[in-house]
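Worksheet: the structure to be examined is printed underneath.
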Amino acid sequence: MESTDEVQKPAAAPEAEELAVNREELLSSLAIFSLRPLSHEPVPQMVGHHIVDQAAALRLGKAFFWDMQVGSDGKTACASCHFAGGADDRVTNTVHPGLDGIFQTGGVTGPGQTWVPERITGDDRIGSQGMLRALFQSVNADPTIAAEQCRLLPAPPFGPNLQVGFRHSPSVVGSGFYRNQFWGGEANVLFNGINIWGDSGNNTETPIAAVQNASLASQAVGPIGNFMEMTCSGRPLNGTRGLGGKMLARTPLQFQRVATDDSVLGALANPDGPGLRCGDAPCTYGQLISDAFGPELAAQAVDKFSIIWGEALQVYQASLIPDQTPFDKFLSGNLNALTARQVRGLVQFVGKGQCVNCHVGAMLTDATVSWYEKAGPLNQDGGDQGFHNIGVRPTDEDLARGDLGIFGGVPNSQSGSPFDMGAFKTPTLRNVKLTAPYFHNGGYPTLDAVVDFYARGGDFANPELSKDIKPRAFTPSERAALVDFLTNALTDCRVEKKRAPFDHPELPIPNRAPLPVTGANGLGPCP
């Protein structure tokens, strides 16, 4: 696709060294890469949704996301895997042994152990821990008890330990701009109201909705139905025996304190203890749902809970916009927002490094809705836009975009290109300082190691390797400048210090210190 090539791969400016010291010219030149302040990028809006009050849906979505009652164990919230810059920073019980079933990385030789961060050279993965392996029996009839009744079924490789996912948790911060969610893009841009698959061939259930620009809604119904992540196997989403019946019977956030100055939930926060208060009484999820979706859908909430859950989660997660980085200030015309070394790093980013070939646009990723609309459905290799095989691991280890889906016959790939085999979604580089370890397998613990990976042209010469992956010889000064740019110029202080809209209720987290409650002012001021 000739026009796509032209947009994605503008030639590196021959006057790169001059631009490194001429900030005005550098700023002017960035337009060719569609680099602009994120505040200038519209957030894709759901079409065909069921929400009647966006502010109320935001409150509901934030309560859902942080409520530890959602997990079958009564301890696991969505936020349990997305609390550190929107990702997961735990090191104890976070190793998945890979396809060979052998734990052999970072000093870990078995489940439940603590990983010493290092580059992973085998097929082990760093993932997020979720549920004990168990079979769902029923929701507890006592609404003050969050844990469900499940029958434990321990089995290798995790035995009596919490199961660990096969891929590293991607950040939810800025995820509202993506066209598809998950590393392989399995969560469809069309939300069918019941599962992640949209209108793709992997969907075998009867759709109960058709919401466009709603991949976050599709994503939201995935983990709550996954027996490794948030549920005992067999728990339904809808119905009195399912998550809908459970949550409608329980007080929102009844075991967690919420700050009275929480940017979304503060007006409902209980000043004397955990939970939310609506007037003189504890809030109910039924009331929050009625406020957001209207009384008619609220009356059907137990049986249509998956619609409500998905759309409310999308509204909340799409509000997490990291648009106040030094780079945004630079792009807005503040030429002193970046240090001299960060400016030189930016030159490497768009020049010799050609990082901008994939990390393009306001969100620094070609996997966004806006880039798809601008550059088309195919990347320069002929595969799906926003997905690339970069040689982190052998292709056959995880087919990702080219996987045949859960039913073994319908690939995620839309193009059908062999370049979708082993191709993963381009993650944003915003707040990349906060989301280590890196890549889908968590295989690289530092940004220095990531830059070295790209400098040598990847680790595996897969037949499907993207044309953009090739050796690049950085001088020590260039390398240090690029790492400085990635680390410091792209970090939104509000994310790092948990200031609004990144503030949150308190949350106990397995195998880690509890996350304390924070209000709109977070952990301190930003410059």
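So for 73, 199, fewest C-beta neighbours within 10 Å to most, what's the order?
199, 73
Tell me, how many Å apart are the Cα centres for the range 288-306 and for the range 345-401?
Cα centres, the range 288-306 to the range 345-401: 39 Å.
Go ahead and estimate [θ] at 222 nm for the chain from helices alone: -39,500 (n - 2.57) per DSSP H run with n ≥ 4, summed, over the residue count, rounded to 500. The partial results should precede the final answer.
Details: 15 runs with 118 residues, N = 527.
My calculation for the chain gives -6000 deg cm²/dmol from helical runs alone.
What is the Cα radius of gyration of the range 270-336 over 2.2 N^0.38 Å, N being its residue count? Display every interim value, and only then the final one.
Numbers: Rg = 18.8 Å, N = 67, 2.2 N^0.38 = 10.9 Å.
Its radius of gyration relative to the 2.2 N^0.38 Å reference: 1.73.
Semi-axes of the equivalent ellipsoid of the range 173-287: what are they in whole Å, largest first, if each equals the square root of 5 times a C-alpha gyration tensor eigenvalue?
The equivalent ellipsoid of the range 173-287 has semi-axes of 31, 18, 13 Å.
Report, to the nearest 10°, how far helix 340-350 tilts away from the longest principal axis of the Cα atoms in the chain, using its own Cα long axis and a range of 0 to 90°.
Result, in degrees: 90.
Taking +1 at the Cβ of each Lys and Arg and -1 at the Cβ of each Asp and Glu, which of 183, 202, 248 sits farthest along the dipole of the range 178-283 towards its positive end, judged by Cα position relative to the Cα centre?
Farthest towards the positive end: 248.
Place a +1 charge on the Cβ of each Lys and Arg in the range 309-390 and a -1 charge on the Cβ of each Asp and Glu, then give the dipole magnitude about the Cα centre in debye, rounded to the nearest 20.
520 debye
Hey, what does the equivalent ellipsoid look like for the range 455-516, semi-axes from the Cα gyration tensor as sqrt of 5 times each eigenvalue, largest first, whole Å?
36, 19, 11
If you line up the long axis of helix 305-318 against the longest principal axis of the chain, both from Cα atoms, how many degrees apart are they, to the nearest 10?
With both axes taken from Cα atoms, the answer is about 40 degrees.
Can you tell me the dipole magnitude for the range 386-474 around its Cα centre, using point charges on the Cβ only (Lys, Arg +1; Asp, Glu -1), in Debye to the nearest 20?
Once rounded to the nearest 20, the dipole reads 380 debye.
As a footprinting exposure proxy, order 467, 246, 433 by other Cβ within 10 Å, with the fewest listed first.
Least to most surrounded, the residues fall as 467, 433, 246.
Could you tell me whether the range 268-382 comes out rounded, prolate or oblate from its Cα gyration tensor? Rule is a ≥ b ≥ c as square roots of the eigenvalues, rounded for a/c under 1.5, then prolate if a/b exceeds b/c, otherwise oblate.
The shape class here is oblate.
What is the dipole size for the range 138-277, taken about its Cα centre, with +1 at each Lys and Arg Cβ and -1 at each Asp and Glu Cβ, in debye to the nearest 20?
Using only the charged Cβ atoms, the result is roughly 180 debye.
Projected onto the charge dipole of the range 268-401 (+1 at Lys/Arg Cβ, -1 at Asp/Glu Cβ, origin at the Cα centre), which of 354, 269, 305 gives the Cα projection farthest towards the positive end?
Sorting the options by dipole projection puts first 354.
Using only the alpha carbons of the chain, what is the convex hull's orientation-averaged projected area in square nanometres? Spell out each step's value before the answer.
Numbers: hull surface 91.3 nm².
In nm², the orientation-averaged hull projection of the chain is 22.8.
Enter the angle in degrees (range 0 to 90, nearest 10) between the Cα long axis of helix 54-66 and the first principal axis of the Cα atoms of the chain, meaning the one along which they spread out most.
Value to nearest ten degrees: 90.
If pairing requires two Cys Cβ atoms under 4.7 Å apart, which cysteines of the chain are left without a partner?
78, 81, 355, 358
Which order results if 46, 363 are arranged by neighbouring Cβ count within 10 Å, fewest first? Kindly include the intermediate steps, with their values, before the conclusion.
Details: 46 20, 363 28.
So the residues, fewest neighbours to most, are 46, 363.
Only the coordinates and a few stated rules stand behind these numbers; no lab work does. Computed from a predicted structure; not experimentally measured. In this analysis, Cβ positions are derived from the backbone assuming ideal geometry, glycine residues included, and neighbour counts consider all displayed protein chains.
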